[in-house]
Amino acid sequence: MPVGPIAWSATFYPKTRNDVDDDNARASLKAYQDGIALAMAVDDKLFPAPTIHFAEPVKNGRVVIVLGD
């Protein structure tokens, strides 16, 4: 079980070329953070703010989350 911070990042592939707001992208990750922490049986406080990346748009949009460095 991890005892220190769990680094994580998220890459957003938006549905359109419209600008994506960084604050909203970060806020939208809270449910992912909670679910991952639950699945790992750890406190979600172990997750510092994620590194956010924005990629080219894809049909229906997508978010890819990577745990670790």
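The values are calculated or read from the model by the stated rules, or taken from the named source; none is laboratory data. This one's a predicted model, so the numbers in the text were calculated from it and none came from an experiment. All Cβ positions, glycine included, derive from the backbone under ideal geometry; neighbour counts span all protein chains shown. SASA here: full protein model, heavy atoms, side chains in, ligands and nucleic acids out. Shrake-Rupley method; radii C 1.70, N 1.55, O 1.52, S 1.80 Å.
Considering only residues of the stretch 33-53 that are touching a Ser or Thr at 6+ places or on another chain (Cβ under 6 Å) and not in a loop (DSSP other than H, G, I, E, B), which is surrounded by the most Cβ atoms within 10 Å (Cβ to Cβ)?
Looking at the filtered set, the residue picked out is 53.
With the structure loaded, tell me whether residue 59 is of a type in the set (Lys, Arg), assigned to a helix (DSSP H, G or I) and open to solvent by 60 Å² or more (accessible area, probe 1.4 Å) or whether it fails that test.
Considered against the rule, which asks whether it is of a type in the set (Lys, Arg), assigned to a helix (DSSP H, G or I) and open to solvent by 60 Å² or more (accessible area, probe 1.4 Å), residue 59 comes out as no.
Select from the stretch 1-32 the residues that are β-branched (Val, Ile, Thr) and either without any contact (Cβ under 8 Å) to a residue 60 or more places away in the chain or open to solvent by 60 Å² or more (accessible area, probe 1.4 Å) (or both) and write down the one among them that is farthest from residue 69 (Cα to Cα).
To start, the set of residues in the stretch 1-32 that are β-branched (Val, Ile, Thr) comprises 3, 6, 11, 16, 20.
Those still in the list that are either without any contact (Cβ under 8 Å) to a residue 60 or more places away in the chain or open to solvent by 60 Å² or more (accessible area, probe 1.4 Å) (or both) too: 3, 11, 16, 20.
Numbers: 3: 15, 11: 14, 16: 29, 20: 24 Å.
Taking the candidates together, the pick is 16.
Does residue 69 satisfy the criteria of being open to solvent by less than 60 Å² (accessible area, probe 1.4 Å) and under 21 Å from residue 3 (Cβ atoms)?
no
Restricting to the stretch 33-67, count the residues that are without any contact (Cβ under 8 Å) to a residue 40 or more places away in the chain and closer than 11 Å to residue 8 by Cα.
3
For the stretch 7-32, which residues satisfy the criterion of being in a loop (DSSP other than H, G, I, E, B), modelled with pLDDT of 95 or more and either among the charged types (D, E, K, R) or touching a Lys or Arg at 6+ places or on another chain (Cβ under 7 Å) (or both)?
None - no residue of the stretch 7-32 is in a loop (DSSP other than H, G, I, E, B), modelled with pLDDT of 95 or more and either among the charged types (D, E, K, R) or touching a Lys or Arg at 6+ places or on another chain (Cβ under 7 Å) (or both), so the list stays empty.
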